[in-house]
Amino acid sequence: MTVLLIPDKFKGSLTAEEVISALSKGIKRADESTEIHHMIASDGGDGFLNAVQHTLEVEVVHCSAVDPLGREIKASYLVNKHRGEAFIELAKTSGMEILKAKERNPMITSTLGTGMQIRDAVRRGVGTIYVGLGGSATNDGGIGIAHAMGYKFLDEQQNILTPIGENLARIHSIDASGIELDVKDISIVAVNDVDNPLYGHCGAAFVYAKQKGAAVADIAQLDTGLKHLDTIVQQQMGANHALDAGAGAAGGAAYGIKTFLGGTFVSGINFMLHLANIDSLVKNKKIDFIITGEGKIDDQTFSGKLIHGVMGLGDANAIPVLAICGTLGLDKEICMKKGLHAVLEIRDYSKSLAFTMENAASLVEKSIFQFMSSMRSQQ
């Protein structure tokens, strides 16, 4: 048997590399002869740069930036000089991972730091900039990124607004006179991890703002602000991207990249699969199973996340896909109907969630060992 492993991290428990290691041990215990291939992947969210580093020869470059609350930080991103490409992970400057839990509040956070990285990459003369979205602490519609590139968002009194979520509804006009860098010949690509629109009940605020620290009342205000931003943009710039699939990624940062920087969208997992030339592997090897996974499988899993992309790879090549997770937030039958061959949940509900997280590696190994052994006995 030949298997291909493309798991995501188990957030708070295991890196993608550790998941691969645990899966490999369990598979080999069940059948030492199994041929295992793997790739470090990302859907564009946390771990995007790590996945790129495992795939391309790149160098780390540094620049000054700010965190989601505007505090100065030293930021880094990747450059492949041969290809003329830069790779930026939004989560590293505008993500929840760099804020304490009590600091998270999408009303007052901004993507300004990510915009400063994009500006630095433009000045370095790269031809293409890939911005991995996901894990953001923001809901600013990308106005922080635009502000870093020279746009100013003004209120009715022509005062410059701080580019944060709570100010979206106060935007009266957009001033582009301060733009110094020309990006029309640069390809800026939002590597999206979701396919939500900018606003509405499936949009950035209603689906994701709560997990970023927003209060219930804030969510409606943020959604109203995003819709207002789109109205102003349509009136003054003639752009209309709010309902594009993926516009709501990273609190609307994808919308901002497309609207203000002329960017495009690409599915994160599809981008990584292409970068790793995974089609060649699938065509040259007879893969019997693809195994993927993440910390929690829920409704968001099937909205452009890594598992969803891996399912597309399996479907295109008639290869069954198995998913393993820490916690299953959906009925298994629903997952099967969506196209998964099987779902394994490692959590033992007779014990605490902390136990599962602390012992995730051994539980992954045990779970896949039992599954593969069962398969082998049925052959």
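Here are the numbers for this structure:
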{"item": "Counted residues, region 233-249 - those being part of a loop (DSSP other than H, G, I, E, B) and open to solvent by less than 50 Å² (accessible area, probe 1.4 Å)", "result": "7"}
{"item": "Residue tally, condition part of a helix (DSSP H, G or I) and of a type in the set (A, V, I, L, M, F, W, C), over region 318-349", "result": "3"}
{"item": "Evaluation of Asp120 against (1) crowded, with 18+ Cβ neighbours inside 10 Å; (2) farther than 19 Å from Leu275 by Cα; (3) out of contact with any Cys (no Cβ under 6 Å at 6 or more places or on another chain) (one fails), failing number", "result": "(3)"}
{"item": "Single residue of region 175-232 satisfying the filter (among the β-branched types (Val, Ile, Thr) and loosely packed, with under 14 Cβ neighbours inside 10 Å) that is nearest to Phe87 (Cα to Cα)", "result": "Thr231"}
{"item": "Test: residue in region 39-58 that is modelled with pLDDT of 95 or more, over 20 Å from Glu294 (Cα atoms) and open to solvent by 10 Å² or more (accessible area, probe 1.4 Å)", "result": "yes"}
{"item": "Criterion violated by Gly70 - all others in (1) touching a Leu at 6+ places or on another chain (Cβ under 8 Å); (2) open to solvent by less than 40 Å² (accessible area, probe 1.4 Å); (3) assigned to a loop (DSSP other than H, G, I, E, B) satisfied", "result": "(2)"}
{"item": "Residue match in region 183-198 (condition: of a type in the set (A, V, I, L, M, F, W, C) and free of Cβ contacts under 8 Å to residues at least 60 places away in the same chain)", "result": "yes"}
{"item": "Filtered residues of region 307-335 (kept if polar (S, T, N, Q) and within 17 Å of Ile269 (Cα to Cα))", "result": "Asn317"}
{"item": "Residues of region 108-117 satisfying the condition of being under 19 Å from Val61 (Cβ atoms) and open to solvent by less than 10 Å² (accessible area, probe 1.4 Å)", "result": "Gly113, Thr114, Gly115, Gln117"}
{"item": "Leading residue by the ranking (nearest to Ser24 (Cα to Cα)) among those in region 281-305 that are modelled with pLDDT under 85 and out of contact with any helix residue (DSSP H, G or I) (no Cβ under 6 Å at 6 or more places or on another chain)", "result": "Lys285"}
{"item": "Residue in region 308-317 that is touching a Leu at 6+ places or on another chain (Cβ under 9 Å), assigned to a loop (DSSP other than H, G, I, E, B) and among the aliphatic types (A, V, I, L, M) present", "result": "no"}
{"item": "Which listed residue is open to solvent by less than 40 Å² (accessible area, probe 1.4 Å) and among the small types (Gly, Ala, Ser), from Gly329, Gly309, Gly339", "result": "Gly309"}
{"item": "Members of region 336-364 found to be among the charged types (D, E, K, R) and closer than 17 Å to Glu294 by Cβ, listed by number", "result": "Lys338, Glu345, Arg347"}
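The values are calculated or read from the model by the stated rules, or taken from the named source; none is laboratory data. All values reported here derive from a predicted model rather than from experimental measurement. No Cβ is skipped: glycine too gets one built from the backbone with ideal geometry, and neighbour counts run over all protein chains shown. Calculation scope for accessible area: heavy atoms of the full protein, side chains included, ligands and nucleic acids excluded. Shrake-Rupley method; radii C 1.70, N 1.55, O 1.52, S 1.80 Å.
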